[in-house]
Amino acid sequence: MSNLLEVQNVIKKYGTYTALNNMSIDVPEGSVFGLLGPNGAGKTSLIRIINQIIMPDSGLIKLDGKLLLPKDIQHIGYLPEERGLYKSMKVGEQALYLAQLKGLSKSEALKKLKYWFDKFEIGDWWNKKVQELSKGMAQKLQFIVTVMHQPKLLIFDEPFSGFDPINANLIKDEILQLRDEGATVIFSTHRMESVEELCEYIALIDKSNKILDGKLSDIKQQFKSNLFEVVIKSDNVNLVKTDLMGKFMTASSNVPFKEGELAIKIELPNNDTSNNLLSYLSTKGSISHFVEMIPDANEIFIKAIHQNNKNE
Amino acid sequence: MSKLKLIIKREFISKVRNKTFLVMTILSPLIVIAMGVLIAYLAKLNQENIKIIAYVDNSGFFEKKDFQDSESVHYIDLSSDAIEVAKSKVTTSDFYGLLVIPKKDSVSTIASSVEFYSKKSPNIILVSSLEQKIEHRLEETKMKQLNIDIERLNLTKIKASIQLSNFIGEKSSKIINSMKIGIGLAAGYLIMMFIIIYGAMVMRSVIEEKTSRIIEVIISSVKPFQLMMGKIIGTALAGLLQFTVWGLLLLVIVLVLPSVLGIEAMDFKNINVPLEQAEGMKEVALNDAQMIFVEISRLPLFRMFILFIAYFLGGYLLYSSIYAAIGSAVDNETDTQQFVIPVIIPLMLAVYVGFASVISDPHGPISIVFSMIPLTSPIVMLMRIPFGVPWWQILISFILLLATFLITVWFAAKIYRIGILMYGKKPSYKEIFKWIKY
């Protein structure tokens, strides 16, 4: 799969402070790419550079294999974290204005807006002033304005902040649908559960440096610690427990279990396989639960940041 | 449509649709009309209100013809009554006042002991017209006493009037000079007002975009520079529209209102000007009327108009880009004070320099220097232009203005570009200076 966006060795300094230190990321076409990192890591600087709001001090940005040019902004849709609308403008004319700024003609913009307004069932908002809208309503409008010119690349910075769960789900579904229609999505957030649900690739940024990137499933494999969660049924639970504790590194588990069952976490030595463990366990009793513990994005995030801090 | 045009259009429409704009545009001329009507009405009242003045002449020098009735003042001779009787008559009949000319030994003593009684303190113009009447009669009396032939004396009277003209031989009147001052001051003042009002409007519009957090959405579609220029131009167009509406309305007022109300604009009779004086003024007016007409047609009106527009645009663009930079650096309007004051100072300075030195010496060193300095030149140069400024001075001053404008916009755009993305604390001058270097 080719990369829609390539960021190569980008450096950005504000005075003496380095916001981005030799940053390189590749965003595969048609994927949802999670840009993760703690506050002040440099995510917003990177996003602003991709949007050509600020210029990098050095480095290259390529869109579709070609150097990013000012005219390319019509191929990018950006929903910033700090987002708002003109309060005293009417919903319709504001949407029209923003669409035209993205390079759509008036008639095209009207057509697209009608489609989206119908889709979100907000057609009757057209003549309302923005200040009459609730925060959630305004967010919907901002979402529409971001995506309506059908950009190749969509960039969402904390898109779900301020949404109630129903609207957040609606937006999530729209993002996935847009991806299925061929758009590439860069998705910057702190909310790791939405990363799990949406992102195929991630890059983790901390203190101006990229510390991790790649396919989320691959990264999870890297971070897994051969830990298995087991629930086993036996007549003598305590005996099984001491046996296991003698043979493996174990930890207690909080998986729900019934009377006469043992729930436990077992760490497998690196040279052993899960099959061996399974067959060993089957001699001890009947297994009702056997799962390899894959770390979730949240754990990876915290672990990677901690490691990075230690390395300094 | 290009993006710049879109931005200009939006700024223009949002300004024009604003309630304050509508109120200002419609209401200000209405207030002017209302004031005009009020003044005209009061003047008319004044005119209809005929004053009756009684006089007691005990000196015997005065005759009935000395106190001739005018349209607004009627005279009644009460010389046959004693002063106390006359006083009570005046109070009971509600006359305006009582003039008492006592009997004295010499004419000069009479002149200094005439008294005027009235309920309210009398109109100054009226008093001086009475003084003139008395002086006139007493002078003649004294001449008679000294055996001076009045008719022959009158023949010696000469009125001098110096004709002004330049070395090419073009004549000019004195009145036109004050007209030039008027035109210059009006132009300079107009520019200052426009810069302050509409510069602040640009600034507020920038702050609004920051506080409503739309700015990042917009600048992901257009360059900050385009946004800034679109804002400045759109606001300027709204201002020009406002001035045009005012101009048209005032024209309507001047042309239509007097005929509707039946008042002549230049009605000398409305004021209690003594007859001779009024006639003198009419004479001057007649002599000068043609001259003024010639002069006005000789003033480089077209050139003045072009230069007005040019300096006006130059000055406005220069200042409003500074205002835009200020707006971008702060989060709310209360934080702007510290930055706005240094901007207003040169404007005020320009107007005061204009008032003080252009009037007294339009081609003196102070006037010339301040009409070259770009921050003051739009105002000071415009005040000088009606007096005729050498073309090379205009050229230098305008090139300086243009160059400063370009430099300022370049700096302002740099501050703006960074400032619009900065939230939170109010920056110091030092930090703003740093932004320029980024």
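The values are calculated or read from the model by the stated rules, or taken from the named source; none is laboratory data. The model shown is predicted, which means the values in this text are computed figures rather than measured ones. Note that each Cβ is placed from the backbone with ideal geometry, even for glycine, and that neighbours are counted across all protein chains shown.
Quick notes on this one:
Residue-by-condition table, conditions (1) closer than 27 Å to B:Lys414 by Cβ; (2) crowded, with 17+ Cβ neighbours inside 10 Å:
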{"site": "B:Ile344", "(1), (2)": "yes, no"}
{"site": "B:Leu347", "(1), (2)": "yes, yes"}
{"site": "B:Val351", "(1), (2)": "no, yes"}
{"site": "B:Phe355", "(1), (2)": "no, no"}
{"site": "B:Pro362", "(1), (2)": "no, yes"}
{"site": "B:Pro365", "(1), (2)": "no, no"}
{"site": "B:Phe370", "(1), (2)": "no, yes"}
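- Meets criteria (out of contact with any Asp or Glu (no Cβ under 8 Å at 6 or more places or on another chain), at pLDDT 85 or above and surrounded by 19 or more Cβ atoms within 10 Å (Cβ to Cβ)) for B:Glu209: yes
Each row is one residue, and each column tells you yes or no for (1) outside the structural domain of A:Ser217 (by TED's automatic domain parsing); (2) surrounded by fewer than 16 Cβ atoms within 10 Å (Cβ to Cβ); (3) hydrophobic (A, V, I, L, M, F, W, C); (4) touching a strand residue (DSSP E or B) at 6+ places or on another chain (Cβ under 8 Å).
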| position | (1), (2), (3), (4) |
| --- | --- |
| A:Ile25 | no, no, yes, yes |
| A:Ile47 | no, no, yes, yes |
| A:Gln52 | no, no, no, no |
| A:Val91 | no, no, yes, yes |
| A:Leu110 | no, yes, yes, no |
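- Breaking point among (1) more than 26 Å from B:Gln337 (Cα to Cα); (2) in a helix (DSSP H, G or I); (3) not hydrophobic (A, V, I, L, M, F, W, C), for B:Gly239: (1)
- Meets criteria (within 30 Å of B:Glu208 (Cα to Cα), within 14 Å of another protein chain (Cβ to nearest Cβ) and among the hydroxyl-bearing types (Ser, Thr, Tyr)) for B:Ser28: no
- Test: residue in region B:95-103 that is farther than 30 Å from B:Leu153 by Cβ, of a type in the set (Phe, Trp, Tyr) and in contact (Cβ under 8 Å) with a residue 40 or more places away in the chain: yes
- Scope region B:202-238; condition more than 17 Å from B:Lys5 (Cα to Cα) and either of a type in the set (Val, Ile, Thr) or away from chain A (no Cβ under 14 Å) (or both); matching residues: B:Met203, B:Val206, B:Ile207, B:Thr211, B:Ile214, B:Ile215, B:Val217
- Among the conditions (1) surrounded by 18 or more Cβ atoms within 10 Å (Cβ to Cβ); (2) modelled with pLDDT under 90; (3) assigned to a loop (DSSP other than H, G, I, E, B), the only one that A:Gln139 does not satisfy is (3).
- Test: A:Ala109 is at pLDDT 90 or above and more than 10 Å from chain B (Cβ to nearest Cβ): yes
- Qualifying residue in region A:24-32 (condition: facing chain B (nearest Cβ under 10 Å) and in a loop (DSSP other than H, G, I, E, B)): no
- Residues within region A:135-175 that are under 17 Å from the mean Cα position of the chain (by Cα) and among the polar types (S, T, N, Q), tallied: 2
- Residues of region A:28-45 classified as surrounded by fewer than 23 Cβ atoms within 10 Å (Cβ to Cβ), closer than 14 Å to A:Leu212 by Cα and in contact with a Phe, Trp or Tyr (Cβ under 7 Å, 6 or more places away or on another chain), total: 0
- Flag if A:Ile61 is in contact with a strand residue (DSSP E or B) (Cβ under 9 Å, 6 or more places away or on another chain) and under 28 Å from A:Ser194 (Cα atoms): yes
- When the strands (runs of 3 or more DSSP E) confined to region A:204-253 are screened for residues that are surrounded by 16 or more Cβ atoms within 10 Å (Cβ to Cβ), those reaching at least 2 such residues are found at A:209-215, A:227-233.
- Matching residues, region A:89-106, being small (Gly, Ala, Ser) and away from chain B (no Cβ under 12 Å): A:Gly92
- Some residue of region B:361-375 being among the aromatic types (Phe, Trp, Tyr), under 30 Å from A:Met55 (Cβ atoms) and at pLDDT 85 or above: no
- Whichever residue in region A:58-88 is in a loop (DSSP other than H, G, I, E, B) and more than 10 Å from chain B (Cβ to nearest Cβ) and, among such residues, is surrounded by the fewest Cβ atoms within 10 Å (Cβ to Cβ): A:Gly65
- Across region A:35-52, a minimum of one residue is classified as under 24 Å from A:Leu170 (Cβ atoms) and within 10 Å of another protein chain (Cβ to nearest Cβ).
- Only residues that are surrounded by 12 or more Cβ atoms within 10 Å (Cβ to Cβ) and under 26 Å from B:Glu139 (Cβ atoms) were counted across region B:46-68, and they come to 12.
- Inside region B:109-132, residues that are free of Cβ contacts under 8 Å to residues at least 24 places away in the same chain and not aliphatic (A, V, I, L, M) make up a count of 9.
- Of the residues screened, B:Lys15 is not one that is surrounded by 15 or more Cβ atoms within 10 Å (Cβ to Cβ), more than 29 Å from the chain's Cα centre (by Cα) and within 14 Å of another protein chain (Cβ to nearest Cβ).
- Residue ID - modelled with the highest pLDDT, chosen from residues in region A:286-298 that are crowded, with 16+ Cβ neighbours inside 10 Å and closer than 16 Å to A:Arg191 by Cα: A:Pro295
- Residue check, A:Ile49 β-branched (Val, Ile, Thr) and in contact with a helix residue (DSSP H, G or I) (Cβ under 7 Å, 6 or more places away or on another chain): no
- Options B:Ser397, B:Ser367; residue that is assigned to a helix (DSSP H, G or I) and either on the phi > 0 side of the Ramachandran plot or in contact with an Asp or Glu (Cβ under 9 Å, 6 or more places away or on another chain) (or both): B:Ser367
- Criterion violated by B:Lys426 - all others in (1) within 14 Å of chain A (Cβ to nearest Cβ); (2) not in a helix (DSSP H, G or I) satisfied: (1)
- Checklist (1) in contact with a helix residue (DSSP H, G or I) (Cβ under 9 Å, 6 or more places away or on another chain); (2) assigned to a helix (DSSP H, G or I); (3) away from chain B (no Cβ under 12 Å); (4) among the aromatic types (Phe, Trp, Tyr) applied to A:Phe163, failing item: (2)
- Of all residue pairs spaced 6 or more apart or on separate chains, those with beta-carbon atoms under 6 Å, a first member in region B:181-195 that is closer than 14 Å to B:Met348 by Cα and a second member that is buried (at least 20 other Cβ atoms within 10 Å of the Cβ) and of a type in the set (Ser, Thr, Tyr) are B:Ile195/B:Tyr316; B:Ile195/B:Tyr319.
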